[in-house]
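For reference, the structure discussed in these notes is given below.
The values are calculated or read from the model by the stated rules, or taken from the named source; none is laboratory data. None of these values were measured; they are calculated from a predicted model. FYI the Cβ positions are ideal-geometry reconstructions off the backbone, even for glycines, and counts take in every protein chain you see. These area figures cover heavy atoms from the full protein model, side chains too; ligands, DNA and RNA do not enter into them. Shrake-Rupley method; radii C 1.70, N 1.55, O 1.52, S 1.80 Å.
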Amino acid sequence: MIATSGPALPGTAPRWRSSAGRIRGWIVLFALALLVLLTGLASLGTGAVSLPLARVAAIVLAGREAVLGDPALVRDGVIVFDIRLPRTLIGLLVGATLATGGALLQGLFRNPLADPALVGVSSGAALAAAVTIVLGHHFVSGSGPVPFTALPIAAFVGGLGATMLLYAIATRRGRTSVATMLLAGVAISALAGAGTGLLAFMSDDRQLRDLTFWTLGSVAGSTWSKFSMVGPVLLAVLVAAPFLSRALNALVLGEAEAFHLGIAVQRSKRLLILLVAVGVGCSVAVTGLISFVGLVVPHLIRLAVGPDHRLLLPASALGGAVLLVASDMVARVVVAPAELPIGIVTALIGAPYFLWLLLRRNTVLDA
Amino acid sequence: MTAPLEGHGLTFRVGAKTLLEDVSLSVGSGRLTVIIGPNGAGKSTLVKLLSGETAPASGRVLYGGEDVRSIEPWRLACLRVVLPQASRLAFPFTAGEVVRIGIDGIGRGLGRRDRDAILEEALRRADVAHLATRAYQSLSGGEQQRTQFARVLAQLAAGRSVSREQVLLLDEPIASLDLKHQIALLDAAAEFAADGVAVLAVLHDLNLAAAYADDVLVMSRGRAAAFGPPREIITDSMVSEVFDVALKVGASPGPGQPFLIPPRRRTASASPAP
């Protein structure tokens, strides 16, 4: 039937803005939140000593003091509270931040193929972290190891530098070329990787061990002190990101269009870059290079709830938390009692997915 | 009284090349002004300067007497609405969502019901209500253009809650539309003008310019060559000087509306037998 420009028929409720869509969004968010909780509990029970979910839940609910005072629970209590809880919390936060960072970068570049690790942001952060590990003792007084506080700051500066360099290279007169972006990302990653390799060559045994951990990615070194340092920052990034939803939605139409719609485009872009650099920098500082979380998660979420950033950002954060902690559980279990670096697990999941995306949309570089 | 939109002595250069030189114009409330001119005359550049998107090398753009650069982005978005030349999207938004982006955050004191009503009306007037659930990327060029027009209609309606002295800028709005939708879009623009909106449109079709314009601005080599009502502006000499085309301008009986018809160049005997 041919639609005409006559008045809409009374009673034809437009489906696209149906409250069904909104309800579906809330259901997805709720389901993801539930999944985060379950994955978190499962992660607390997984490892060299396996604990059933019920026991984990009982320990967590009882609280640290009560558990440590109870001889029947003290061993499991120490495992849950002092070893696995900081690791799980850091995993959740880093996963959420990486996925959010991916969604933000994809919005900024207006392309679904952007990922902090893929386009060199994480490598830049890792290089700066490596510089700090290997050469840091030249800059601080005394001869002890570099204080951990220096790492997130260095990683943030490295991530910011890489993001700004990438954006400057890939954007000409307000248009970001995706091909240029991906290729520049490859070059930046290679350059940062070479720098990190050079530092590895110069480093002593202890530094080398630290560096290897960084380049492969791992949440195994998580401690409460690391958590208390980067946790609040990552949380702040996660809370701030959704405030950019409207700007990101408008940017999808184009930068000029976003300006026409009342968005302060330059300020929004700077804020986006800052959030990504802070979030990814701090994530890299505690867990090293973990790739593909930022690529896979927002893409899956878009398939489920659509591209509206108001829903995409919080849903990606929850999805990223689930994916990273689940990957960490796999990393702990497959070669037990040893552990795989988690970066290997996420790359094994993410890289084939990325290839599949490329095969499915062979025009993606022309966008 | 100040006009809703004024440009004074607008000049714009890229490198050593001057794309626009000393162009001034004023679009009054309720006027529909059409910019015509050959390719590369500076029409789109002028629209970009007027919208505030690009800053001129010299000259000023005023909205209701206020310099465009001193108006906060959110308020500017309520005062002036721009329909760009066709654009592509990277993410699979539906047509309805694209229109919705046009009203999110625009205007003051609008509840969800108000916005839904604005949205519905805009979709209906741009004749895209039946496309609302379709992915924007899957639409034809003309359908995408109509969706963008619906977004513009929605922004205009939402912006009314802040200012009634509004400006609508249309850059080649009908380039990819069929005849029916060309007329429907220009009718809608004329209705807005009748409602007090200052409308400025870039058009290539001189016949449609003659049919809809209150005033015509002729751009030629980066300068404003002529300005006035179509009957006085669209003449044999202007068409030959500015467009470099030797065509006789006719006048319709009655209102004397100017029109151009390219004469048939091939004789009947030159065409193959049916």
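Take the protein assembly as shown with all the other protein chains still there, run a 1.4 Å probe, and you get 44 Å² of accessible area per residue. Which lysines have a Cα lying under 22 Å from the Cα of B:K43, excluding residues fewer than 8 positions away in the same chain? B:K43 reaches B:K17. Using the alpha-carbon positions of chain A, Rg (one decimal) and Dmax (whole number) come out as 22.1, 81 Å.
In straight-distance terms, cross-link reach from A:K269 covers every one of the lysines whose alpha-carbon lies under 26 Å from its own, apart from those fewer than eight places away in the same chain; here that gives B:K48.
When the Cα positions of A:L151, A:L135, A:L118 are compared along the charge dipole of chain A, A:L118 comes out farthest toward the positive end, with charges on each C-beta of Lys, Arg, Asp and Glu. Relative contact order of chain B, taken over Cα pairs closer than 8 Å and 6 or more residues apart, is 25 percent.
The Cβ shell under 15 Å around A:S218 holds other residues with a net charge of +2, Lys and Arg each +1, Asp and Glu each -1. Each Cα pair under 8 Å and six or more residues apart adds its separation to the average, and for segment A:283-367 the resulting relative contact order is 34 percent. Listed peptides B:215-224, A:306-315 appear in the order A:306-315, B:215-224 once ranked by packing, highest mean of other Cβ atoms within 10 Å at the front. Once the partner protein chains are put back, segment A:304-342 shows a loss of at least 30 square angstrom of accessible area, versus the chain by itself, at A:P307, A:R310 (probe 1.4 Å, ligands and nucleic acids excluded). Calculated [222 nm] ellipticity per residue, helices only, for chain B: -9500 deg cm²/dmol; basis is -39500 (n - 2.57) per DSSP H run with n ≥ 4, divided by all residues, nearest 500.
Summing Lys and Arg as +1 and Asp and Glu as -1 over all other residues whose Cβ lies under 11 Å from the Cβ of B:S51 gives a net charge of -1.
Hey, what's the per residue convex hull volume over the C-alpha atoms of the protein assembly as shown, in cubic angstrom?
It comes to 228 Å³ per residue, whole-number rounded.
How high is the relative contact order of segment A:19-361, in percent, counting Cα pairs under 8 Å that sit 6 or more residues apart? For segment A:19-361, the relative contact order is 30 percent.
Over chain A, DSSP H runs of length four or greater, each weighted -39,500 (n - 2.57), average out per residue to a 222 nm ellipticity of -23000 deg cm²/dmol.
Can you give the Kirkwood hydrodynamic radius of chain B from its Cα pairs, in Å with one decimal? The partial results should precede the final answer.
On the way: mean 1/r = 0.0506 Å⁻¹.
Taking every pair of different Cα atoms in chain B, averaging 1/r and inverting gives 19.8 Å.
What's the magnitude of the charge dipole for segment A:19-361 around its Cα centre, counting Lys and Arg as +1 and Asp and Glu as -1 at the beta-carbon? Answer in Debye, nearest 20.
Working: 23 positive and 13 negative charges, 206 e Å.
So the dipole magnitude of segment A:19-361 works out to roughly 1000 debye.
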